[in-house]
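Here's the structure we're looking at; comments come further down.
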Amino acid sequence: MKRIFLFLTLSTMVLSCANSQKANSTMAEKSQTIDYPEGVVPVGEIDAPYEDLSKAVFAGGCFWCVEAVFERVEGVEEAISGYAGGTTTDPTYKKVASGMTDYAESVIVYYDSTVVSYDELLTAFFAGHDPTQLNRQGPDVGPQYRSAIFYADAYEKDKAEAFIQQLEESGKFQKPIVTKLNPLSTFYTAEGYHQDYIVHNPNQPYVVGVSMPKIEKFMKAHPELLKNQYKKP
């Protein structure tokens, strides 16, 4: 989505997630140091190191932001950006970001359920994005940026439904929550340069203007969920 918007820092221009990736893909590829596949692959091909962990899948706008929120949660061993909720095989970032598929930018979270509960992951998820925005998050517009929870079983579905109902009844949000609950099918990892994107590109305009404010808002709201290195002294 070719959108540009102003944020209040000396008239600096912040691109959407899609356009930011296009403008900075070369820089991102050069900074990529972790061993992820260059292209998309079904997550089952790389999750062997995490087979003893629980996993959950969420979508809440640009996956750079969602991944970084979960990476800060105590008990989360890994969060991987990718694509979920679609039906075609082998989605690519170019296709997903352009709205040519029915996939959402998503994150699969590998976590130790003895340290962090699914309810606590839901707390982080709903604090890390705006679940009242339909098919968008800020400058990122389209169903590929929808708010969604992809449940693996009835337990996750029931937990998510109850959590949303509790949020609605609490009046936390002034508008209705539009988060979709869908059964999880295939999850594809995103291309390697998307993984830990914020870590490798901390000064990128979208990261500075969009990602970090959302992450910091989550951290301020729920310090009890943070790993020690992210807690303020």
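The values are calculated or read from the model by the stated rules, or taken from the named source; none is laboratory data. In this text, all values refer to a predicted model and were calculated from it rather than measured experimentally. Heads up, the Cβs are rebuilt from the backbone with ideal geometry, glycines too, and the neighbour counts pull from every protein chain shown. Side chains are part of the model used for accessible areas, which takes the heavy atoms of the whole protein and leaves out ligands, DNA and RNA. Shrake-Rupley method; radii C 1.70, N 1.55, O 1.52, S 1.80 Å.
Just a few scattered comments:
Conditions tested, residue by residue: (1) out of contact with any strand residue (DSSP E or B) (no Cβ under 7 Å at 6 or more places or on another chain); (2) of a type outside the set (S, T, N, Q); (3) within 20 Å of Y110 (Cβ to Cβ).
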| position | (1), (2), (3) |
| --- | --- |
| T123 | yes, no, yes |
| G138 | yes, yes, no |
| D158 | yes, yes, no |
| I177 | yes, yes, no |
| L184 | no, yes, yes |
| Y188 | no, yes, yes |
| E191 | yes, yes, yes |
| E216 | yes, yes, no |
| M219 | no, yes, no |
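- Filtering segment 204-229 to residues that are open to solvent by 10 Å² or more (accessible area, probe 1.4 Å), among the small types (G, A, S) and touching a Phe, Trp or Tyr at 6+ places or on another chain (Cβ under 7 Å) leaves only G209.
- Selection from segment 137-164 of residues that are modelled with pLDDT of 95 or more, more than 14 Å from the chain's Cα centre (by Cα) and closer than 21 Å to G209 by Cβ: V141, G142
- For segment 99-123, a residue qualifies if it is of a type in the set (G, A, S) and buried (at least 24 other Cβ atoms within 10 Å of the Cβ), and the qualifying residues are A104, S106.
- Meets criteria (surrounded by fewer than 24 Cβ atoms within 10 Å (Cβ to Cβ) and in contact (Cβ under 8 Å) with a residue 40 or more places away in the chain) for T88: no
- Only one entry of L167, L181, L134 meets the criterion of being open to solvent by less than 30 Å² (accessible area, probe 1.4 Å) and either modelled with pLDDT of 95 or more or more than 17 Å from S54 (Cα to Cα) (or both), and that entry is L167.
- One residue stands out in segment 184-203 among those that are of a type in the set (S, T, N, Q) and at pLDDT 95 or above: the one that is surrounded by the fewest Cβ atoms within 10 Å (Cβ to Cβ), namely N203.
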